[in-house]
Every structure is written in structure tokens, then in C-alpha cells.
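Structure record follows, encoded as C-alpha cells.
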Amino acid sequence: VIAYQLPVSSYITLKIYDLSGRLVATLADARQKSGYYTARWDGGKAASGVYFVRLKADRSSETGAFTSTRKLVLLH
């Protein structure tokens with residue numbers, strides 16, 4: 001489960017990449033209002049290893065964009 005918070009309404013994408021930079025899953029791709037959210041990734045079909053979770057939030061033109069990348073370790 002991946003938890004995140006949006007301080008303002010934003011168009012967000014939440015994606016998971018493998019070490020090679022290949023897209024593994026898209027967990028969210030929509031406009032969301034400010035608030036707390038969670039997204040669930042079922043990594044049952046993915047190999048154990050290191051992945052990256054990237055959250056991109058394109059806010060209004062006044063506040064710009066935000067990107068955060070975090071490391072995720074999947075163990076079966």
C-alpha cells in the first residue's frame with residue numbers, strides 16, 4: 001500500500017518502474033482533490049527486487065509541478 005497526500009487539487013500519476021526504468025504498473029492517472037490517498041500494488045506477478053515509485057502532481061500554473069521518486073523493495 002502506497003500512501004500520499006495532496007495539499008491542493010492536482011492531476012497526478014503514480015507509477016512503478018523496475019531498475020531498468022521500464023514501467024511495471026500505473027496505479028493512478030487522474031485529477032484528484034486535496035486530501036489523503038492510498039494506492040495498492042499487487043506485486044504477486046512481479047519478481048522480488050528493487051522498484052521505484054514515482055508520484056507526479058501537476059498543480060495549477062501558479063504552484064507548478066511536483067515529482068517524488070521513492071525506492072520500494074519487493075520480497076516474496
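The values are calculated or read from the model by the stated rules, or taken from the named source; none is laboratory data. Small disclaimer: the values here were computed from a predicted structure and weren't measured. Neighbour counts run over all protein chains shown; Cβ positions are idealised from the backbone, glycine included. Accessible surface is based on the protein model in full, side chains and every heavy atom, while ligands, DNA and RNA are left aside. Shrake-Rupley method; radii C 1.70, N 1.55, O 1.52, S 1.80 Å.
General observations
- In the stretch 47-76, of all residues being open to solvent by less than 70 Å² (accessible area, probe 1.4 Å) and within 13 Å of V8 (Cβ to Cβ), the one that is modelled with the highest pLDDT corresponds to A57.
- Among residues of the stretch 1-30, those that are surrounded by 10 or more Cβ atoms within 10 Å (Cβ to Cβ) and either aromatic (F, W, Y) or assigned to a strand (DSSP E or B) (or both), counted: 19
- For the stretch 31-46, the set of residues classified as small (G, A, S) and open to solvent by 30 Å² or more (accessible area, probe 1.4 Å) consists of S34, G44, listed by residue number.
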